[in-house]
Each structure stands twice: as C-alpha cells, then as structure tokens.
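The values are calculated or read from the model by the stated rules, or taken from the named source; none is laboratory data. None of the values given here were measured: they were computed from a predicted structure. Glycine also receives a Cβ, built like all others from the backbone with ideal geometry; neighbour counts cover every protein chain displayed. What goes into the accessible areas is simple: the full protein's heavy atoms, side chains included, and nothing from ligands, DNA or RNA. Shrake-Rupley method; radii C 1.70, N 1.55, O 1.52, S 1.80 Å.
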Amino acid sequence: MEAEAETEANPQQVDHLFSLPVDADQKATEFRLFSIAPPHMLAFHLAWFSLFSNFFSTFSIPPLLAVIQDDLNLTDTDTGRAGTAAFLGSIFSRIAMGPICDLVGPRIAIATVSLITAPVILSTSLISSPHSFIALRFLTGFSLANFVANQFWMSCMFSGCVVGLANGFSAGWANMGSGVTQLVMPLIYTLIMSFNVPSSTAWRLAFIVPAVFQAVTALLVLAFGQDVPSGSYRSLKKVNIGKESLCNVFCHGAKNYRAWILALTYGFCFGVEMTTDNIIAQYFYDRFDVNIQVAGIIAGSFGMANFFSRPSGGLVSDRMGRRFGMRGRLWGLWVTQTVAGLLCLLLGRVNSLWGSILVMCAFSVFVQAASGLTFGVVPFVSKRSLGVVSGITGSGGTVGAVITQLLLFSGSKFSKQTGISLMGIMMIVCTLPISLIYFPQSGGMFCGPSYGSDDRLKGPETGETNHYRLLQ
C-alpha cells in the first residue's frame, strides 16, 4: 500500500518507467500505432496479431468449401448446420472467456485457447463424414473466444482516454484475418496441387498452415506478452480485490444490466456484419448477375473496411468521451448504429448495381464503426468484472448473427433484398435501449450524474472497485 501511495504521489516517476505516458494505474494515455514499445504497444501488437490468426484459422474452411463439399459428399443442409455450429461454439466460449480473464489474466487465456484449438484446425485434414465436419466447425468456433481476451487486454493496458481507439484497432485489424484467409487458403491449395498432389489430399494438407500459424502466435504471446503494465495479473488481483471465486466474479458482471444492453447493441452491429459477410456475395451474384469473381471482390471490400472503420469508431468514442463524458460516448454509439440501420434498410431497396455498391460501402463503415463505439463503452461498465462484461457483450455479437441468419436468410420466406431491409429495421429498433444506460458517476444520454464532483467516489459502485473516471 505504501508503494501504491508513493506511485500516486509521484506520477512523474511512473512515466520514467515506460516509453509512453501513463496515468496513476500505469495505463498508457497515448496510443502510438507504429510503436512496439513494451509493455503497452507490444501487448497491442501481440493481441491483434494473435486474434488475427484465430480469425484466419476459423474462417479457413469456407474458401475451400466447394472442394471439401465434393470430397465429403456434403449437402447444403450439412454446410448450413456446420456454419451455425461454428457460431454456437463461439457463443459459449466467449461467455466462458470473460470470467477466465478476470481470474487468470488475458495472456494465459489467449495462449491456452489458441494452443488447444490449433490441433482442432489441424484435424480438419482427418475428417471423413458430414457429422465429423459439423463437430469440427463447432470446436473451431471456440478460438474466437480470444476476441474477449483481446479487448480485456487492451482495457488493462490503455487508459480511458484512448481505450476505445486501442480496442478499435486491435479488433478491427484482427477481423481482417477472416478476409485474408479467403485470399490465402485457395493460393495454398493451388500451390500444393502444383506438386501433382491429388485434390483430396491437397485441401487436407493446406490446413497445416493455419494450425501452425495459430500455435506460433500463441507462443509469441506467452514469450513476450505482459498482462498488465506492472507485470503479473495475478499479483494485481491480490492487491486490488483479493481472491474471488469464479462464481462471484461472473455473478457480479451478469447482474449488471448495462452489459446486457451492450450485448443487444453488439448483436445488431457486429452480428449484422457477420451475417452480411455470409450473404452479400451471393446477393450481388443473384440480384445483379455479376460473375462470381466480381461478387467476391465486392464482398471482400465489405470486410476489408475493418482496417479503418472499426478503429475510427473507437477514435470517435474517445473524442466524444473527452469532450462530453459518457453522454458523448453513448450518443455517438446510438447515432452511428442508427445511421447504419438506415443504410442497411436502403441497401435492400436500391435497384442498381453501382448504387448498391456505394450504399454497401457506406453501410460497412458505419456498422463496423458501431462495433468500435460499443467497445468504447464496455471498459467503463465494471472494473471488477471487466472480463465478464466483455464476454457477455462479445457473445451478443454471435447471438445476433445466429438470429438474423435464421430469421431472415434461412429458407425462402424472404428474398435476400427484403431480408436485408428487415435487418436494417431490427438494427434501428435494437439500438434504442442504449438510452436506458445510466452511470451514477457520469450520467447517461439524457441525464447528468447523480453525484456531484465531490461525491463521485461515494457512489454505490465504489465499494466494489467498480468505478471508472473519464479523463477530461
């Protein structure tokens, strides 16, 4: 405790310990994208690169699905069930990952999940039946639980004034793994085929690459990563809140209504993004009679927008937070996601090819920015159960994808253009509950804080070390 008091009394001494300026909790108050300075920026690059490998591995099957489908005699029903199974695996694992991060820290959590699921990716080369294919897709979805640990890690390393930006870049760049694998896996398959390897063997050998890639990034996280600026996450937990059971940590986060509203919001930004990734190529192919290569390029541009759109959402969240506090972050999220819903509604109504492409590009920017804005709010919900809140919010994204896929794009009940428009309406409606989020110490969309500046630390959350202050 004396050491903590000395650190708070001498913030300049803390700054000298790190390459980046830090706050009293040793969290970086600046975000330097092209720096690898330890521990803050090194953790950032390890986090996004390791999650990139998880997305690359999990989505390495769809690019070769046509070949796999012929070789294993899979029906369209089998492939549809396999896709749903992958989403379900991601839901359960993301919920579980939250409390695990709260107990052991993000570094061990990320490395463990990646090392456990890497052999699952490798075992893709051994599947021989539709049932084993569906089971394998379910298990590969578990690796996406590292998204929760990724966002948790950034919240441990970066202060409130830049955490939205850090979360946005880390998740946005990682999400590009699902697009890069669409380009790389067919090239790997073709390269193996060039050595006169039969097609039925070539696609199986191709999965060695994503499995090894994921394992290597896990080892890099273990070797060079650091949970928190001070070093050990376990020692930090002992200082701050002592030993807590998994049940207590989970229940504390699960009882926070803000987590569930953010899960709903995330379900209809990131969830809609995943559903769009699934249907947009076929939509342009069927409705506008473009060839499959052009449809693939159009669909790829939607996902690759994550390079800048999700980080821009985090940047907007941080700037709105600095200027208007929590009210700014919430209004920014609501406006951005509502505009995304309106653009989604419009996308299903536009009848020209180029008009649809332009609307889709604008839609991709806003829906992905909304994901970044959502995780600009998450770190302020609960310090004690940050991992649980991140897990609930992250799993909400996958649940939203399952709901929109099953309701709007499974079967022939709706045409794809009608389904897209209805999805936009769902986005607008499910964004409204953001107005119900309220923080006693920092207010909400329509109300100011219920505690004065002198009484902020006396709020009901303070006794549970649950308080976050926005840096003005």
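If residue 267 satisfies every condition in (1) closer than 17 Å to residue 165 by Cβ; (2) within 17 Å of the chain's Cα centre (by Cα) but one, which is the exception?
(1)
Could you give me the residue pairs with C-beta distances under 8 Å whose first residue belongs to the range 73-91 and is among the basic types (Lys, Arg) and assigned to a helix (DSSP H, G or I), whose second residue is modelled with pLDDT of 85 or more and open to solvent by less than 70 Å² (accessible area, probe 1.4 Å) wherever it lies, and which are 6+ apart or on separate chains?
81/134
Select from the range 387-418 the residues that are farther than 22 Å from residue 263 by Cα and modelled with pLDDT of 90 or more and list them in ascending order.
417, 418
Just checking, does the range 15-34 include any residue being without any contact (Cβ under 8 Å) to a residue 40 or more places away in the chain and of a type in the set (Phe, Trp, Tyr)?
Yes, the range 15-34 contains a residue that is without any contact (Cβ under 8 Å) to a residue 40 or more places away in the chain and of a type in the set (Phe, Trp, Tyr).
Only one residue in 60, 53 is crowded, with 23+ Cβ neighbours inside 10 Å, modelled with pLDDT of 85 or more, small (Gly, Ala, Ser) and assigned to a loop (DSSP other than H, G, I, E, B), so which one is that?
From the options 60, 53, the qualifying one is 60.
If a residue must be touching a residue at least 24 places away in the same chain (Cβ under 8 Å) and closer than 19 Å to residue 215 by Cα, how many such residues does the range 123-135 contain?
3
If you go through the range 375-382 one residue at a time, do you hit one that is under 30 Å from residue 351 (Cβ atoms), touching a Gly at 6+ places or on another chain (Cβ under 9 Å) and either assigned to a loop (DSSP other than H, G, I, E, B) or open to solvent by less than 10 Å² (accessible area, probe 1.4 Å) (or both)?
no
Among (1) at pLDDT below 95; (2) assigned to a helix (DSSP H, G or I), there is one condition residue 160 misses while meeting the rest; what is its number?
Going through (1) at pLDDT below 95; (2) assigned to a helix (DSSP H, G or I) one by one, residue 160 breaks only (2).
When you scan the range 186-233, how many residues do you find that are surrounded by 15 or more Cβ atoms within 10 Å (Cβ to Cβ) and outside any helix (DSSP H, G or I)?
Number of matching residues: 8.
In this structure, is residue 39 touching a Pro at 6+ places or on another chain (Cβ under 6 Å) and modelled with pLDDT of 90 or more?
So residue 39 passes the test.
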